[in-house]
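The values are calculated or read from the model by the stated rules, or taken from the named source; none is laboratory data. These figures come from a predicted structure and were not determined experimentally. A quick note on method: Cβ atoms are made from the backbone with ideal geometry, for glycine too, and the neighbour counts reach across all protein chains shown. All accessible areas refer to the heavy atoms of the entire protein, side chains included, with ligands and DNA or RNA removed. Shrake-Rupley method; radii C 1.70, N 1.55, O 1.52, S 1.80 Å.
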Amino acid sequence: MATLQNLRDESGITGIPSLPLPAEEIREHLDMILAGNEFCSSRRSSELLRHIVERALAGDTESLKERLLGVEIFHRRSDYDTSTDAIVRVTASDVRRRLSNFYSESSAQSMRITLPLGSYVPDFIPLAIREVPAGITQAKYPDSGPSRITTPVRAPGEPIVLPVEPRKSHPSHLTKPVALAFCLCILFALGAGWWLRDITHGRGFSKDDRDYAFYDDLLGSIGEKSKETQIALTNPHVLLYLGLNKAGPALGENPKDVPVPPDMAAVLNQTSNDNQANFPFHHFFVDTSNYTGFGEATAAFGVSRLLQATGRSAHLTGARFLNWDSARQEQLVILGAPHESAFVQSTLSAANFTIDYNSIHNAHPLPGEQVDYFKSGHGGMLEDYGLIWMTKSPSGTRVLVLAGLSSAGTAGVGEFFSDPERMRPVYKQLRALAKKGAFPESWQVLLKIETREYIPVQVSPVALRITEGN
């Protein structure tokens, strides 16, 4: 069995040059982040963020690998299987989300700590020009250096943030040629930043990339330009508990606005962090269109990145907008349990594995398989099950269903399907089961998902089938 020391020795830990931002200032900024609302509620994400920042500041960035982090932070065995235990990847994703939320609420910061996608090495980004003491030359970082302190680089969808110099009290004396040269330098710097980011973070994958080539068989025509593809999020029914300063409709007058009895309001107020709870009137508002599960949103993000990596594209929609017209004309990726959508229930024919409210039924169990797979809780863990189901609509268009019995289960299914390392062995098994030379068009994969604190930490295949029509 590999030891932690062996893992460290193999990594060849190296140092990094001195930092333009003082390490103590970075630590103070980190303390402020961890004390905020976004991180104080998650011990695991806080521990991971502090660990990777301290290691980066110490020059120990080569140890910021998934396996080492799993051993040191989450107490996994040094030979644990990272392809089935995704705790590091899941927690890193949660850290990115919490950092994004922190900076959206606290925009007036002199610096920013980010965790690039696909990396566990943080970036420290100064948001204003700093005076460099005389005699000190700003360190230059090689492209291969894993830890970086950079000028702001715009990520896709992120507004450009340029260093701001203090305004001078005297008027500017820049001539037009000098001003033009200054502008060209800024454009060159931004272009170089994009080029450097592509090198350090990895360029977009092409469709011919070996890691993703087998998805051509799995996805078929989904995401291809010949037909539109829609990623459909479920729209579960949500009860919003709100306080009002005046009475709303009486019970029965409006089916989407239900008065809450005073005794129930007293119970609900004890767990509410909504300042409206102190209002004199309390109502439930029924909403069937504006919300979706966090797991479904996480799965949509993973599928979108997968489609981008394979040169494909799709649009986002809600399951409530699905109808026969869309099924005839568009390829569909449906996220979340089919029982959440009446259209899905009426459109997709029953296959070997079917999803109910709290179980997945196995119509034809093979030796060693169960008839029903139920979600169950034990300790702080939830054992969930989910499906990857590729099928066809009655009109022949492709339909991919990624669903767990819970929202966290759906996140695990989406993460598993979008990860080529974990999906490749499943692909090989499906190809081996096919009776003909061509890859099957309709198939199912049953997954077991173990979740903690509503986050999938381990996903493993349980069974698979080539379904009717192949």
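Do you know which residues across segment 98-119 are more than 15 Å from the chain's Cα centre (by Cα) and part of a loop (DSSP other than H, G, I, E, B)?
Correct list: Ser106, Ser107, Ala108, Gln109, Ser110.
Of the residues Arg76, Arg96, only one is closer than 18 Å to Gln458 by Cβ and either crowded, with 20+ Cβ neighbours inside 10 Å or not assigned by the TED database to the domain that holds Ala299 (or both); which?
Arg76
Before we move on, is Leu447 part of a helix (DSSP H, G or I), open to solvent by less than 30 Å² (accessible area, probe 1.4 Å), of a type outside the set (S, T, N, Q) and within 21 Å of Thr84 (Cα to Cα)?
Numbers: part of a helix (DSSP H, G or I): no; open to solvent by less than 30 Å² (accessible area, probe 1.4 Å): yes; of a type outside the set (S, T, N, Q): yes; within 21 Å of Thr84 (Cα to Cα): yes.
It is false that Leu447 is part of a helix (DSSP H, G or I), open to solvent by less than 30 Å² (accessible area, probe 1.4 Å), of a type outside the set (S, T, N, Q) and within 21 Å of Thr84 (Cα to Cα).
Consider Ser418 carefully, then state whether it is farther than 23 Å from Ala232 by Cβ, at pLDDT 90 or above and within 22 Å of the chain's Cα centre (by Cα). Break it down stepwise before answering.
On the way: farther than 23 Å from Ala232 by Cβ: no; at pLDDT 90 or above: yes; within 22 Å of the chain's Cα centre (by Cα): yes.
Spelling it out, it is not the case that Ser418 is farther than 23 Å from Ala232 by Cβ, at pLDDT 90 or above and within 22 Å of the chain's Cα centre (by Cα).
Answer yes or no: is there a residue in segment 411-424 that is open to solvent by less than 30 Å² (accessible area, probe 1.4 Å), assigned by the TED database to the domain that holds Phe301, more than 20 Å from Ser83 (Cα to Cα) and among the hydrophobic types (A, V, I, L, M, F, W, C). Show your work before the answer.
Looking only at segment 411-424, we keep the residues that are open to solvent by less than 30 Å² (accessible area, probe 1.4 Å), and these are 411-414, 416-420, 422-423.
Narrowing further to those that are assigned by the TED database to the domain that holds Phe301: 411-414, 416-420, 422-423.
Subsequent filtering for residues that are more than 20 Å from Ser83 (Cα to Cα) retains none.
No, segment 411-424 has no match at all.
Determine whether Val88 is modelled with pLDDT of 85 or more, surrounded by 20 or more Cβ atoms within 10 Å (Cβ to Cβ) and within 25 Å of Ser460 (Cα to Cα).
Numbers: modelled with pLDDT of 85 or more: yes; surrounded by 20 or more Cβ atoms within 10 Å (Cβ to Cβ): yes; within 25 Å of Ser460 (Cα to Cα): yes.
Answer is yes for this residue.
Can you tell me which of Asp217, Asp257, Asp211 is open to solvent by less than 40 Å² (accessible area, probe 1.4 Å) and at pLDDT 75 or above? Give the derivation first.
Details: Asp217 fails: open to solvent by less than 40 Å² (accessible area, probe 1.4 Å); Asp211 fails: open to solvent by less than 40 Å² (accessible area, probe 1.4 Å).
Result: Asp257 is the single residue among Asp217, Asp257, Asp211 that is open to solvent by less than 40 Å² (accessible area, probe 1.4 Å) and at pLDDT 75 or above.
Look through Lys392, Lys435 and report the one residue that is assigned by the TED database to the domain that holds Val303 and in contact (Cβ under 8 Å) with a residue 40 or more places away in the chain. Explain how you work it out, then say what you get.
Values: Lys435 fails: in contact (Cβ under 8 Å) with a residue 40 or more places away in the chain.
Within the list Lys392, Lys435, the selection yields Lys392.
Write out, first by first residue and then by second, each pair whose Cβ atoms fall under 6 Å of each other, whose residues are 6+ apart or on separate chains, and whose first residue, in segment 40-53, is aliphatic (A, V, I, L, M) while the second is assigned to a helix (DSSP H, G or I) and at pLDDT 85 or above.
Taking only residues 6 or more apart or on different chains, the pairs are Leu48/Thr91; Leu48/Val95; Leu49/Val95; Val53/Leu30.
For segment 450-458, state whether one or more residues are part of a strand (DSSP E or B), of a type in the set (A, V, I, L, M, F, W, C) and either touching a strand residue (DSSP E or B) at 6+ places or on another chain (Cβ under 8 Å) or in the same structural domain as Asn352 (by the TED database) (or both). Please lay out each step first, then the result.
Initially, segment 450-458 is screened for residues part of a strand (DSSP E or B), giving 450-452, 455-458.
Checking the rest, the ones that are also of a type in the set (A, V, I, L, M, F, W, C) come to 455, 457.
Checking which are either touching a strand residue (DSSP E or B) at 6+ places or on another chain (Cβ under 8 Å) or in the same structural domain as Asn352 (by the TED database) (or both) leaves us with 455, 457.
Within segment 450-458, one or more residues are part of a strand (DSSP E or B), of a type in the set (A, V, I, L, M, F, W, C) and either touching a strand residue (DSSP E or B) at 6+ places or on another chain (Cβ under 8 Å) or in the same structural domain as Asn352 (by the TED database) (or both).
Select from segment 220-254 the residues that are under 36 Å from the mean Cα position of the chain (by Cα) and of a type in the set (D, E, K, R) and write down the one among them that is surrounded by the most Cβ atoms within 10 Å (Cβ to Cβ). First the steps, then the outcome.
Taking segment 220-254 as the starting set, the residues that turn out to be under 36 Å from the mean Cα position of the chain (by Cα) are 220-244.
Add one more test, that the residue is of a type in the set (D, E, K, R), and what stays is 224-225, 227-228.
Details: Glu224: 18, Lys225: 10, Lys227: 13, Glu228: 16.
It comes out as Glu224.
Going through segment 71-100 one residue at a time, which ones are touching a strand residue (DSSP E or B) at 6+ places or on another chain (Cβ under 7 Å) and over 16 Å from Gly118 (Cβ atoms)?
Taking segment 71-100 as the starting set, the residues that turn out to be touching a strand residue (DSSP E or B) at 6+ places or on another chain (Cβ under 7 Å) are 76, 84-87, 90, 94, 99.
Arg76, Thr84, Asp85, Ile87, listed by residue number.
Just to be sure I understand, how many residues within segment 375-410 are under 13 Å from Glu450 (Cβ atoms) and surrounded by 18 or more Cβ atoms within 10 Å (Cβ to Cβ)?
Summing the residues that are under 13 Å from Glu450 (Cβ atoms) and surrounded by 18 or more Cβ atoms within 10 Å (Cβ to Cβ) in segment 375-410 gives 10.
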